[in-house]
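Taking it in order: structure first as C-alpha cells, then the write-up.
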Number of protein chains: 2
Amino acid sequence: MTDFPKKSEAIPIGVDAMGTDSGPEALVAGAARALKTGVRAAIVFFGDEAVLRPFVARHAELAGAAIEHCPGVVAMTDKPMHVLRRGRDTSMWKAVEAQKQGRVRAVVSGGNTGALMAVARMQLGMIAGVDRPAVTALWPTTQGRTVVLDVGANVEASEHELVSFAIMGEAFFRALTGKKKPTVGLLNVGAEELKGHELIRAAARVLKEADPDMAFKGFVEGNDISQGTVDVVVTDGFTGNIALKSAEGAARLVGGWMKEALTASLLAKVGSLLMMRDLKKLKQRIDPSSVNGGVFLGVNGVVVKSHGGADEHGVAAAISMAANLVGKGFRKEVAETAALVFQRAGKALEAAE
Amino acid sequence: MTDFPKKSEAIPIGVDAMGTDSGPEALVAGAARALKTGVRAAIVFFGDEAVLRPFVARHAELAGAAIEHCPGVVAMTDKPMHVLRRGRDTSMWKAVEAQKQGRVRAVVSGGNTGALMAVARMQLGMIAGVDRPAVTALWPTTQGRTVVLDVGANVEASEHELVSFAIMGEAFFRALTGKKKPTVGLLNVGAEELKGHELIRAAARVLKEADPDMAFKGFVEGNDISQGTVDVVVTDGFTGNIALKSAEGAARLVGGWMKEALTASLLAKVGSLLMMRDLKKLKQRIDPSSVNGGVFLGVNGVVVKSHGGADEHGVAAAISMAANLVGKGFRKEVAETAALVFQRAGKALEAAE
C-alpha cells in the first residue's frame, strides 16, 4: 500500500478497459501513468479479467487497483439501442452502473461514443432542462485552452440545444479552470450578424437575453478556435467534429513539415541538435494526447470519453481530467448554473418561437 | 513593350482593384508580381483611375496594363441585391461585364463575395444543370493540394447541389493539375456509412450510381483535408468555411509555437541561424497566401475571388490561377463533364426522391 499513502483521499474512478481501437493495454498503461504523475485516483478496471490481469501486473502503481470482470464488450459498430437492450454484461455498462451505485465517482471509456452516451444517459439520467448530452473537446490556443462543444457527432442541434451547450460549456470551463466569467462564442461563418443559419442567429438572441451574467461574445469563426478569442466555442456536433478534426489535421501537417525542415540538410540537423530542448517542449505542445478526454455534459455524473486510438499519454490525460472534475464539484456547478439560466432561457426561447 | 515579348499570347485578365480590406495598392502590386514571376497576362484594372494610376506607375511590369475608370465601389457590407440593382457603375460590375463582352477572359476580385457571386451569375450565366455557384479553396497536404468546395458560405446545400459540387470540383482539379481521375470524397463526421446528415448520405448514393467514371471514395473526415486522402473534398458552404478557417487557425497556432521555440534560448537561436535556408522554405509552405484564390464553379466564365485581406503575394497567386485556368480550358472541361454526368445524376436524384 506504499503507493497510496493517503488512499482514503483518492477518488475512485472506473476505467472501461475494453472496446477501443488501441486495445486494453493502452488503457491500463494510461491509468498507471496517471497515478505516477500524481493523479489521486483509486482505479477500478472493467473488462475481461483474464486479458487485463497480466497488463495490470506490469505496473507497480496499479498494485491497489481493482478489476471487475465483465464478459461482454461493446463493439465500435454496435448501435446504441442494441447496447441498451442487450449490453448489460459489457464493461461499458458495468462501469457506468458502478457510478450510479456510487462505487466510483467518474468513468473513463475509450469505446463507442454513441453507445457510451446512451448508456450514461439511461443509467445516470440528465440534469434538469437538458435533453441531450454534449461532448466537449479541449483545444490549445495562443492564450491557453478553449473548450469546443458539441463534438459528439449529434448531427443537428436545435436553438434550445445550442443555448444549453453554451450554458453547460461555460460551467464546465469554470469548473476546469476556476475562471469566474468564461467568455462564450457561437461558431458561425462570419462575424456580421446577418450571416449563418437562422437557428444560430436565434440562439444568439436567446443567449443575449436569457443570461445577462454570461460573457457572451456573439459569433466567432473557425480560426478563433485556435486563437482563443473566447473560452467556450459552441456549435452543433456535426460542425464541431469537422472543425476540430480539420484543425488536428492542419496541426499535424505543419508539424510534419517542421520535422522535414529540421532534417532537410546537414546544417539543419546540427541546428536541431542545438535546440533539442526547445524542440522537445514544442513537440509536447503539438502532441494531441495532451488534450484527450471529451466530457459528457448534461448527464448526472462524470463520464469522460477517451479517444478510441489514444495511447497511454492520452488515456492518462483523460483520467486526470475525470479526477479533476470530481474534485472541483463540476456536476454541481453545471447543474446549478443550468437550473438558474434555463428558467430565463426557456422564457426567451418561447418568446423567440 | 520589352516586358511583353510575346504579348499576343498574353491572356487578358480583368482585376477589380477596389473594395478589398487590404486596399487597391495590394492588388496592383500583386498583378505586378504575377507578371514578374512569369504569368503571361495582359492586365486590365477596374477602379478609380486617380487612385490606381500612381500605384500602377510604380511597377515597370505594368507598363502595358490598362486602367478602366469606374466611379462606383462595392462595399463589403453591401447586399448582393443592392449591387445588382444599383451597382452597374462599380469596378466589380464593369470587370465582369468586360468578361461577358470578351474583352478579358478572366476576372480577379478581392471584394464582397456575395456580391461578386451575384454579379457573375447574372452577367455570365450558369452552366447547364447548376443552380448556384460553388467557391473552391485550395489547401496544402502532405501529398500536394486538395480542393475543398463549397467554401462560399452558402448556408445550406441540397443533395443535388452536393452532387454538382462533386462533379464541378473533379473537373476543376483535372483542369488545374492534369490528373485524369481525381479522387473525390464527401466531408462527414465518420467513415461508417451510417453517420452524418441524411442528405450527405443521399448525395453519396447518387454519386456512386450516377458517375461510374468518378473515383468517388465515399466519406472523408476533417483531418483528411490536410492528409490529402482525396483530391476533392465536397461539403456545403457553411461546413467548408468553418473547416478551412479552423485548419488555418491551427496551422497559424503551430507556426507561432515554432517561432517561439526557435528563439526560446540562445542555443535555439544559434540553431535557427544554421537552418535558416530550410526554415525559409518552411515559412513559404506555411504561408497562406500561396493558396489564395477561390474559383467560382458553375458560372460561365473564370471568376477568381482573392481574399479581401490578401497581400501582393496572395493576389499574385490568384491572378496566376486565373491565367492557368483560362490556358487549360477549364470552363469547357467543367461544362462538358457536368453535362455528361448531370444527365445520369438527374435520374439517380429522381430515383432517390
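In table form, for the structure just shown:
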| quantity | calculated |
| --- | --- |
| Residue order, fewest to most surrounding Cβ atoms within 10 angstrom, among B:311, B:89, B:278 | B:89, B:311, B:278 |
| Virtual spin-label span in nm between residue B:77 and residue B:266, 7 Å along Cα→Cβ | 5.4 |
| Relative exposure of A:45, B:216, judged by other C-beta atoms within 10 Å (fewest first) | B:216, A:45 |
| Along each principal axis, Cα extent of the protein assembly as shown, largest first, Å | 88, 62, 52 |
| Linear extension gain, residue A:145 paired with residue A:63, 0.36 nm per residue minus alpha-carbon span | 26.1 nm |
| Per-selection Kirkwood Rh - segment A:135-259 (Cα, Å, 1 d.p.) | 14.5 |
| Filter on B:94/B:332; A:245/A:332; B:180/B:332; B:181/B:332; B:79/B:305 - keep pairs with C-alpha separation over 20 Å | B:94/B:332; A:245/A:332 |
| Copy-to-copy label separations for residue B:177, where each label sits 7 Å from Cα toward Cβ, in nm and ascending | 3.9 |
| Test item: A:278-286 mean partner chain Cβ contacts at 10 Å | 5 |
| Helical mean residue ellipticity (222 nm; -39500 (n - 2.57) per DSSP H run of 4+; nearest 500) of chain A | -15500 deg cm²/dmol |
| Radius 12 Å from Cβ of residue A:176, net charge of other residues (Lys, Arg +1; Asp, Glu -1) | +1 |
| Nonlocal amide H pairs with residue B:104, under 5 Å, H built at 1.01 Å | B:99 |
| Other copies of residue A:23: label-to-label distances in nm, shortest first, labels 7 Å along the beta-carbon direction | 6.1 |
| Inter-centroid distance (Cα atoms) of segment A:103-124 relative to segment B:227-244, Å | 32 |
| Cα shape, chain B, gyration tensor, a/c 1.5 rule | oblate |
| Prolate/oblate/rounded call for segment B:1-124, Cα gyration tensor, a/c under 1.5 rounded | prolate |
| Neighbouring partner chain Cβ atoms per residue of B:141-151, average, 10 Å criterion | 1 |
| Straight-distance crosslink candidates among lysines, where the alpha carbon sits under 19 Å from residue A:280 and sequence neighbours closer than 8 are dropped | A:259, A:269, B:259, B:269 |
| Distance (nanometres) between label positions extended 7 Å along Cα→Cβ at residue B:84 and residue A:199 | 2.8 |
| Total formal charge among the other residues, if their Cβ is under 14 angstrom from that of residue A:226, Lys/Arg +1 and Asp/Glu -1 | +1 |
| Computed E for residue A:53/residue A:179 - FRET, C-beta separation, R0 41 angstrom, nearest 0.05 | 0.45 |
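Laboratory data are not the source of any read-out in this text; all were calculated from the coordinates shown. Remember, predicted model here, so these are calculated numbers, not experimental data. Positions of Cβ are generated from backbone atoms using ideal geometry, with glycine treated the same way; all protein chains shown enter the neighbour counts.
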